[in-house]
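Nothing in this text is a laboratory measurement; each read-out follows from the coordinates by a stated rule. No experiment lies behind these values; they were computed from the predicted model shown. Here the Cβ is made from the backbone with ideal geometry for all residues, glycine too, and neighbour counts use every protein chain on show.
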Amino acid sequence: MQARQFDRRLPEYFVADNSPLMFETSQIEKSTADLSPSLRADLFGDLIDIRHKVVQGERLDREEGIRLYQSDNLLALGYIANMVRERLNGFRTYFVRNYYLNYTNICELDCKFCSFYRKEGQDGAFLMSLDNILKIVSDDKDNITEMHMVGGLNPALPYDYYIELLRGIKKINSRIHIKAFTAVEIEFFARLYGKTVERILVELKEAGLDAMPGGGAEIFSERVRQKMFADKIGADEWISVIRTAHRIGIPSNATMLYGHMETIEERVDHLIRLRELQDETNGFFAFIPLAYHPHVEDSTQWATGIDNLKSIAVSRLMLDNFPHIKAYWISMGPKVAQITLGFGADDLDGTVRDERVFHMAGASTENALTKRQLVKLIKDAGRIPIERDALYRTIGTFP
Ligand code: SF4
C-alpha cells in the first residue's frame, strides 16, 4: 500500500518535531494485509467494516464511534487504533519533564465531582504565594521544561497575580514552557476583571503564557452539566474560549472526563465536537481521556481498566486530526497507561511532579515518576522513548 501525505495544515508550532507526520502504512497494517478475507473477518469480527474504513483513511462517523465503544472485541479495537497510532507516530512514545502546579484550590464553584476545591477558610484550603511558586522554579534540579498550572476560581486574587506569575517564571527560566489556565479559568478572569476573553488571552500571552491545558470541559453534555457542574461554563462557551486561544496563537490540549454518569453516546458526541473544532483551528496538540475518581470508596462509578483501554482506542480512531493521544498515568495508573501504548496512545505525559487534583480525589498513583521509570515503562511496551518539550520537539531519544 502506498504511503500518502496526510494534509493537516499544521501550524508552525506543530511541525517542529524532527519527524514529519505522515499518513503512511504502518507495520501493523502490513501484517494483516495478506490475510485471507475469512481469516480477517474472524479476527476483526463486528469491527471488520470499521477496519476497512480506517485502512482506506476514511473518517468514522458517530454510529461507528458508538459501535467501537460497545464492541467486546477489545483486541481488534486496539489493533485498529494501533494502526493509526503507528501511522502518525511510528513507535515513538513521548514524555516530558514537567511540574504540576496548583496555585490555589479556593474556588467560587462547587462542582459535584470535584474533591479538589475548598472554600476560603475551610480546612485544606490553600493559596500559593508568588514567592513560593517562583522559589520552586528557581530551586528546580530536574531541568523541567514545562510548567502545567491550573487552579480554582479564586475571586480574591488580583489580576496582577497571574501576570506576575507568568513573567516571574519566564524571568527565572525563559526556556520553561508555560501551559496554564483552563478555558473555565479564562472565562472567569474575563468576568471578574471586566475584560473580553480575547484581551485576557492576549495579555497572558504577552506575559508568558505559551499554551493551555485541556481541562474544564469535563464532557460536552448539557444533561451531565446540569447534574454535576451546573454553574460551570458549558460546551459552547468552552469551545468559544479555545477557538479564540487558537486564533491568537495559543495552542492547547483537550480532555474528556469519563466513567461517571455519562453515556457512550455523550462520549462520542464530545469527541466529534472536538474533531470539528480541530478541523477549524488545528490548534490542539493532544487529547487526554481522564478517568473519573469517585469520592466514595464503594462507588461503582469509576472507569475500569477495559474502559480506560477503550477510551484511548476510540479517541485515537475518532480524533483522526489530533496529532497525539495522551495516556495520563496519574488517572489510570502507570501499568494500564503502559498497555495503552498498544491501544492508540503515543504520549505518557511526564514526570508530573506534585499533582494534586487527582490525588485529592483519591488517586493512589505515585506523586511523580522519574525519567528512568518512564523510559522503562515505554521500552518494556516495545516503544521508543522520546523526551519531548512542550511543542513535541525532541530533547532526547532512548533507543
Ligand atoms: S472543578 Fe474546577 S471549577 Fe469546579 S469546583 Fe473544582 S476547581 Fe472549582
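Which net charge results for the neighbourhood of K195, defined as the other residues with beta-carbon distances under 14 angstrom from its beta-carbon, given Lys and Arg at +1 and Asp and Glu at -1? Kindly include the intermediate steps, with their values, before the conclusion.
On the way: positive: R191, R199, K205; negative: D160, E185, E187, E198, E203, E206.
Around K195, the charge tally is -3.
Near L130: Cβ cut-off under 15 Å, other residues only, Lys/Arg at +1 and Asp/Glu at -1. The net charge is 0. Shown in residue order for region 92-101 are the 3J(HN,Hα) couplings computed by the Karplus curve 6.51 cos²θ - 1.76 cosθ + 1.60 at θ = phi - 60°: 5, 10, 9, 8, 9, 8, 9, 10, 9, 10 Hz (x for Gly and Pro). Taking the DSSP beta bridges with both ends in region 92-397, the antiparallel portion is around 10 percent.
For D140 and I384 in one chain, what is 0.36 nm times their gap in residues minus the Cα-Cα distance, to one decimal in nm?
Values: separation 244, 0.36 × 244 = 87.84 nm, distance 2.69 nm.
Once the chain is fully extended between D140 and I384, it gains 85.2 nm.
Think of it this way: in the chain, C107 stand alone, with no other Cys Cβ under 4.7 Å. The charge dipole of the chain, taken about the Cα centre with unit charges on the Cβ atoms of Lys, Arg (+1) and Asp, Glu (-1), comes to about 880 debye, rounded to the nearest 20.
Listed from fewest to most Cβ neighbours within 10 Å, the set W329, W302 follows the order W302, W329. If I take every Cα pair under 8 Å that is 6 or more residues apart in the chain, average their sequence separation and divide by the length, what percent do I get for the relative contact order? Worked out over the chain, it gives 21 percent.
Computed from label points 7 Å out along Cα-Cβ, the spacing between N132 and A156 is 1.2 nm. For the chain, the percent of C-alpha pairs falling in each 20 Å distance bin, counted from 0 to the bin holding the largest distance, reads 28, 60, 12, 0.
Can you tell me the FRET efficiency between K171 and K376 if r is taken as the Cβ-Cβ distance and R0 is 41 Å, rounded to the nearest 0.05? Calculated transfer efficiency: 0.70. Residues F189, F181, arranged from fewest to most other Cβ atoms within 10 angstrom of their Cβ, appear as F189, F181.
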